[in-house]
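Asker: Can you keep this structure in mind? I'll have questions shortly.
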Amino acid sequence: MKLALIGGGGVRAPLFVASALRRAERIGLDEICLMDIDADKLSVFGALCREVARAVGSPVRITSTTDAREAFEGVRYVVTTIRVGGDEGRVFDERIALRHGVLGQETTGPGGFAMALRSIPAVLGYAELLEKVSPGAWMFNFTNPAGLVTQALRDNGFHRTVGICDAANEAQFSVARWLNLDSKTLRAEVFGLNHLSWGRRVTHNGQDLLGPLLRDPGFLSGTMLNVFDPELVQEVGMWMNEYLYYFHYADEAVQKISAEERTRGEEIRELNQHLLKQLKSIGVERDPAAALKAYYGYEARRSSTYMYYARSDAPTPEEADERAPEAKHGEVGEGYAGVALSIIEALETGNPLYTGLNVPNEGAIHCMRPGDVVEVSCVVDRDGIRPLPIGDIPEAQELLMRSVKRYERLTVEAIMQRSRQKAVMALMAHPLVLSYSLAQTLVDQYLAAHAPYIGKWQ
Ligand code: G6P
Ligand code: MN
């Protein structure tokens, strides 16, 4: 079986490959094709992926190409993890918003809107090509903003697509880690949108384990919930996705991010440039051990400084280097990749998998329309992927979710029509913006900054 990774020259490719190789035999995997439009990065990270495979003695072939058509020939699963406009694009997305006193963040608010302008047309292009070359293949979208991109894919008739985010399973993983249980034995009830979701229960043999943990100060400070005040978590009474920080601490977030010398995007740009230089000077084939060490060091630094400005346990950069990489989501490096590969395993073997995914609502959450892509607990087996029933949700969550979904629907529409006016109305609908005048300014600046990638709009 062949699997293709679009964006295979990205820094996360070696983690993805490591995770895939662990399950290769169970899923019948014999080729991972890394595809990237950046030949230089593809050669460095491709070599690193081959080292990862060699180190575990895997028979799986790791191929690479800059041609998407070639990657799609004979493929059964495709994972898209692209960043159109590169790290530079993220810097613009975040900086432009901050300059106007609103949240500048990769996926939430204006930054996510600007990223969608570039991501959506590109991912749709790949989906169209895939349908021609290998109809029937599944496409797993990791490309951010993942909920919006998946909404666009579904709206355009691509039914074998699903959106994946590691944070969707954070409640389940955190409870498992805390109580030393195998996360597969737990069932979470997650609902919301991507980067805007809640976990109602996490059960083990039908018994809820989450409720009591939400009253345990150790759990609150030892998990991603530590971006919130314990009193807030108790009021809400549910697991809260960490991205809710940007809504419930909107003023603090802008203040703290603006007070930093560099935005997260600027920091990641620098870390990535440094890693690439380091790997080139080491020479991956010349000294694979040193290359892998540099790579894992990079990962540890990146994951342990995630949302440092919000976390009560944030390390200094020096401490970050000392820390183990599992400070972020899931098991080491398994985050995104682990979810994708577990889905493949469930689709191939028929052993049911319960996991949080971004799929059309189809009645799962009462206040949402059938075609709305939501982040929700799903079951995956040989028959495909289905959301589990959630029913009614509390008013506070419903109102927030509906207004962000409205922003998402309008954003997809604006992008499909390449309409500036629609884009302004879409951004105005976002609860962190609301202002028509601000939306106009931001849209104009984003359209100008990203013109090389999105062309001219009407
Ligand atoms: C989480 C989110 C991803 C996001 C990433 C940003 O994993 O689920 O969607 O891209 O964080 O991490 P970074 O290290 O780039 O700030
Ligand atoms: Mn995510």
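The values are calculated or read from the model by the stated rules, or taken from the named source; none is laboratory data. As the structure is a computational prediction, the values presented were derived from the model and not from experiment. Here Cβ is always computed from backbone atoms with ideal geometry, including for glycine, and neighbour counts include all displayed protein chains. Side chains included, ligands, DNA and RNA excluded: accessible areas come from the protein's heavy atoms. Shrake-Rupley method; radii C 1.70, N 1.55, O 1.52, S 1.80 Å.
Asker: Only one of (1) closer than 28 Å to ALA448 by Cβ; (2) open to solvent by 10 Å² or more (accessible area, probe 1.4 Å); (3) more than 13 Å from ligand 1 (Cβ to nearest atom) fails for THR107. Which number is that?
Answerer: Among (1) closer than 28 Å to ALA448 by Cβ; (2) open to solvent by 10 Å² or more (accessible area, probe 1.4 Å); (3) more than 13 Å from ligand 1 (Cβ to nearest atom), THR107 violates only (3).
Conditions (1) closer than 19 Å to MET240 by Cβ; (2) touching a Gly at 6+ places or on another chain (Cβ under 6 Å); (3) open to solvent by less than 10 Å² (accessible area, probe 1.4 Å), marked per residue:
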| residue | (1), (2), (3) |
| --- | --- |
| VAL162 | no, no, yes |
| ASN169 | yes, yes, yes |
| PHE173 | yes, yes, no |
| ASP182 | no, no, no |
| ALA188 | yes, yes, no |
| TRP198 | yes, yes, yes |
| VAL202 | yes, no, yes |
| GLY211 | yes, no, no |
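Asker: Looking at (1) surrounded by fewer than 22 Cβ atoms within 10 Å (Cβ to Cβ); (2) at pLDDT 95 or above, which is the one condition that is false for VAL443?
Answerer: Here VAL443 clears every test but (1).
Asker: Hey, another quick one. Please go through region 270-287 and pick out each residue that is within 25 Å of VAL84 (Cβ to Cβ) and crowded, with 18+ Cβ neighbours inside 10 Å.
Answerer: Scanning region 270-287 gives LEU275, LEU279.
Asker: Tell me which residues, restricted to region 3-39, are modelled with pLDDT of 95 or more and among the β-branched types (Val, Ile, Thr).
Answerer: Of everything in region 3-39, those that are modelled with pLDDT of 95 or more and among the β-branched types (Val, Ile, Thr) turn out to be ILE6, VAL11, VAL17, ILE32, ILE37.
Asker: Hey, another quick one. Only one residue in GLU242, GLU170, GLU231 is more than 14 Å from ligand 1 (Cβ to nearest atom) and acidic (Asp, Glu). Which one? Reasoning before the result, please.
Answerer: Details: GLU242 fails: more than 14 Å from ligand 1 (Cβ to nearest atom); GLU170 fails: more than 14 Å from ligand 1 (Cβ to nearest atom).
Among GLU242, GLU170, GLU231, only GLU231 is more than 14 Å from ligand 1 (Cβ to nearest atom) and acidic (Asp, Glu).
Asker: For region 67-98, give me the residue count where each residue is away from ligand 1 (no atom under 16 Å from the Cβ) and over 20 Å from GLU270 (Cβ atoms). Break it down into steps so the answer makes sense when it comes.
Answerer: As a first pass, look at region 67-98 and keep what is away from ligand 1 (no atom under 16 Å from the Cβ): 67-78, 96.
Those still in the list that are over 20 Å from GLU270 (Cβ atoms) too: 67-78.
Residues meeting the conditions: 12.
Asker: Any idea how many residues of region 162-188 are among the hydroxyl-bearing types (Ser, Thr, Tyr) and within 16 Å of ligand 2 (Cβ to nearest atom)? Show your work before the answer.
Answerer: First, the residues of region 162-188 that are among the hydroxyl-bearing types (Ser, Thr, Tyr): 174, 183, 185.
Still in the running and within 16 Å of ligand 2 (Cβ to nearest atom): 174.
Counting residues in region 162-188 that are among the hydroxyl-bearing types (Ser, Thr, Tyr) and within 16 Å of ligand 2 (Cβ to nearest atom) gives 1.
Asker: Have a look at LEU130, LEU193, LEU181, LEU153 and point out the one that is within 14 Å of ligand 1 (Cβ to nearest atom) and either touching a residue at least 12 places away in the same chain (Cβ under 8 Å) or closer than 23 Å to HIS366 by Cβ (or both).
Answerer: Details: LEU130 fails: within 14 Å of ligand 1 (Cβ to nearest atom); LEU181 fails: within 14 Å of ligand 1 (Cβ to nearest atom); LEU153 fails: within 14 Å of ligand 1 (Cβ to nearest atom).
One residue alone meets the criteria, LEU193.
Asker: Residues being in a strand (DSSP E or B), open to solvent by 10 Å² or more (accessible area, probe 1.4 Å) and of a type outside the set (Ser, Thr, Tyr): count how many of those fall in region 346-379.
Answerer: Here the count works out to 3.
Asker: While we're looking at this one, here's another question. Could you grab me the full set of residues in region 5-46 that are of a type in the set (Gly, Ala, Ser) and crowded, with 19+ Cβ neighbours inside 10 Å?
Answerer: Here is the first cut: in region 5-46, the ones of a type in the set (Gly, Ala, Ser) are 7-10, 13, 18-20, 24, 28, 39, 43, 46.
Correct list: GLY7, GLY8, GLY9, GLY10, ALA13, ALA18, SER19, ALA20, ALA24, GLY46.
Asker: LEU244 - would you say it is part of a helix (DSSP H, G or I) and within 16 Å of ligand 2 (Cβ to nearest atom)?
Answerer: Working: part of a helix (DSSP H, G or I): yes; within 16 Å of ligand 2 (Cβ to nearest atom): yes.
Against the criterion (part of a helix (DSSP H, G or I) and within 16 Å of ligand 2 (Cβ to nearest atom)), LEU244 qualifies.
Asker: Among the residues of region 72-94, is any of a type in the set (Asp, Glu) and open to solvent by less than 30 Å² (accessible area, probe 1.4 Å)?
Answerer: Taking region 72-94 first, the residues of a type in the set (Asp, Glu) are 73, 87-88, 93-94.
From the residues that got through so far, the ones that are open to solvent by less than 30 Å² (accessible area, probe 1.4 Å) too are 93-94.
Yes.
Asker: Is there a residue in region 243-257 that is closer than 20 Å to VAL102 by Cα, touching a helix residue (DSSP H, G or I) at 6+ places or on another chain (Cβ under 6 Å), open to solvent by less than 10 Å² (accessible area, probe 1.4 Å) and of a type in the set (A, V, I, L, M)?
Answerer: Initially, region 243-257 is screened for residues closer than 20 Å to VAL102 by Cα, giving 243-257.
Okay, now just the ones that are also touching a helix residue (DSSP H, G or I) at 6+ places or on another chain (Cβ under 6 Å), so 245-246, 253.
Now drop any that are not open to solvent by less than 10 Å² (accessible area, probe 1.4 Å), which leaves 245-246, 253.
The next check asks that each one be of a type in the set (A, V, I, L, M); those that pass are 253.
Scanning region 243-257, I find at least one residue that is closer than 20 Å to VAL102 by Cα, touching a helix residue (DSSP H, G or I) at 6+ places or on another chain (Cβ under 6 Å), open to solvent by less than 10 Å² (accessible area, probe 1.4 Å) and of a type in the set (A, V, I, L, M), so the answer is yes.
Asker: Run TYR336 past the list (1) in a strand (DSSP E or B); (2) within 16 Å of ligand 1 (Cβ to nearest atom); (3) open to solvent by 30 Å² or more (accessible area, probe 1.4 Å) and report the number of the one that doesn't hold.
Answerer: (1)
Asker: Out of all the residues in region 265-277, is one or more assigned to a helix (DSSP H, G or I), within 16 Å of ligand 2 (Cβ to nearest atom), modelled with pLDDT under 95 and closer than 21 Å to THR107 by Cα?
Answerer: Pass one, region 265-277, residues assigned to a helix (DSSP H, G or I): 265-277.
Subsequent filtering for residues that are within 16 Å of ligand 2 (Cβ to nearest atom) retains 265, 268.
From the residues that got through so far, the ones that are modelled with pLDDT under 95 too are none.
No, region 265-277 has no match at all.
Asker: Please indicate, with yes or no, whether at least one residue in region 214-231 is of a type in the set (S, T, N, Q) and closer than 27 Å to VAL149 by Cβ. Working first, answer last.
Answerer: The first filter runs over region 214-231 and keeps only residues of a type in the set (S, T, N, Q), leaving 221, 223, 226.
Now narrow it down to the ones that are closer than 27 Å to VAL149 by Cβ: none.
No; the residues of region 214-231 include none that is of a type in the set (S, T, N, Q) and closer than 27 Å to VAL149 by Cβ.
Asker: All but one of (1) part of a helix (DSSP H, G or I); (2) touching a residue at least 24 places away in the same chain (Cβ under 8 Å); (3) of a type outside the set (Ser, Thr, Tyr) hold for ARG200, so report the exception by its number.
Answerer: Exception for ARG200: condition (1).
Asker: Could I ask something else about it? Give the residue, chosen from LEU434, LEU399, that is open to solvent by 20 Å² or more (accessible area, probe 1.4 Å) and under 19 Å from GLY101 (Cα atoms). Steps first, answer last, please.
Answerer: Details: LEU399 fails: under 19 Å from GLY101 (Cα atoms).
Within the list LEU434, LEU399, the selection yields LEU434.
Asker: Go through region 408-458 and give me each residue that's among the β-branched types (Val, Ile, Thr) and within 23 Å of GLY147 (Cβ to Cβ).
Answerer: Within region 408-458, THR411, VAL412, ILE415, VAL424, VAL433, VAL443, ILE454 qualify.
Asker: Which pairs do you get when a residue that is over 12 Å from ASP313 (Cα atoms), found in region 224-240, comes within reach of a residue that is of a type in the set (Gly, Ala, Ser) and part of a helix (DSSP H, G or I), reach meaning Cβ atoms under 7 angstrom, with the pair 6+ apart or on two chains?
Answerer: TRP239/ALA171
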